[in-house]
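First comes the structure, then the notes that go with it.
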Amino acid sequence: MAPVSFHNTCLLGLLPSFNYPADLIGSMRCSHCEKCCSDTEMELCNADIARLERNGHNREDFVNRGADSIPRLRNIGGYCFFYDHGMKRCREYSRRPLGCVIYPVNMSVDGEVMVDELCPESSSVNREEMESKGRRLRMLLDTIALEVKQGDIRRK
Ligand code: SF4
């Protein structure tokens with residue numbers, strides 16, 4: 001998965017997700033290919049981390065902070081910490097990071113909103129979904145950048 005690759009919804013995506021804004025419930029449907037949850041580099045905002053901690057997880061277990069200080073999902077054995085191989089789905093689907101909700105809408109290296117073709121269901125994302133998720137993605141990336149910057153300031 002590419003550095004700013006915001007992966008996917010699972011079969012449970014057919015159910016309403018009460019945690020997220022209505023404009024993020026789109027046309028995309030998951031086929032359980034597992035691709036988006038393997039070698040994830042999904043970036044996390046503070047609210048993502050807090051939401052998962054409230055459900056009993058320790059950030060040391062699921063957050064990986066690299067040299068750039070950006071918090072990302074940790075992989076275990078080549079898959080996201082939260083991925084359940086037996087069920088072939090996310091163990092924290094209703095609390096998954098916002099980037100996971102937005103995926104397969106992604107950002108190109110040129111900063112253009114696009115749909116990640118790694119996802120075999122990418123063609124199920126319609127224009128309206130791409131545009132609304134693209135706006136959310138820009139806000140999310142700005143938020144993460146600000147939070148990392150503020151964290152850097154606090155550490156000085
Ligand atoms: S949090 Fe869930 S949906 Fe997101 S990469 Fe991990 S297993 Fe997949």
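The values are calculated or read from the model by the stated rules, or taken from the named source; none is laboratory data. Worth saying up front: this structure is predicted, and the values here are computed from it rather than measured. Don't worry about glycine lacking a Cβ; one is built from the backbone with ideal geometry, like all the others, and counts go over all protein chains shown.
If you take the residues in the stretch 94-121 that are more than 16 Å from the ligand (Cβ to nearest atom) and surrounded by 18 or more Cβ atoms within 10 Å (Cβ to Cβ), which one is nearest to K35 (Cα to Cα)? Spell out the reasoning first.
Pass one, the stretch 94-121, residues more than 16 Å from the ligand (Cβ to nearest atom): 107-115, 117.
Narrowing further to those that are surrounded by 18 or more Cβ atoms within 10 Å (Cβ to Cβ): 107, 115.
Values: M107: 18, V115: 14 Å.
Within the stretch 94-121, the match that is nearest to K35 (Cα to Cα) is V115.
Name every residue in the stretch 54-63 that is surrounded by 14 or more Cβ atoms within 10 Å (Cβ to Cβ) and more than 12 Å from the ligand (Cβ to nearest atom), in order of residue number.
Across the stretch 54-63, the qualifying residue is only R59.
Any idea which of (1) touching a Cys at 6+ places or on another chain (Cβ under 8 Å); (2) more than 10 Å from the ligand (Cβ to nearest atom) is the one A67 doesn't satisfy?
It is condition (1) that A67 fails.
Can you tell me how many residues in the stretch 72-93 are near the ligand (Cβ under 8 Å from one of its atoms) and under 15 Å from the mean Cα position of the chain (by Cα)?
Going through the stretch 72-93 one residue at a time, the tally reaches 11.
Given R29, R127, R136, which one is more than 13 Å from the ligand (Cβ to nearest atom), modelled with pLDDT under 90 and either of a type in the set (K, R) or closer than 30 Å to G151 by Cα (or both)? Explain how you work it out, then say what you get.
Numbers: R127 fails: modelled with pLDDT under 90; R136 fails: modelled with pLDDT under 90.
Among R29, R127, R136, only R29 is more than 13 Å from the ligand (Cβ to nearest atom), modelled with pLDDT under 90 and either of a type in the set (K, R) or closer than 30 Å to G151 by Cα (or both).
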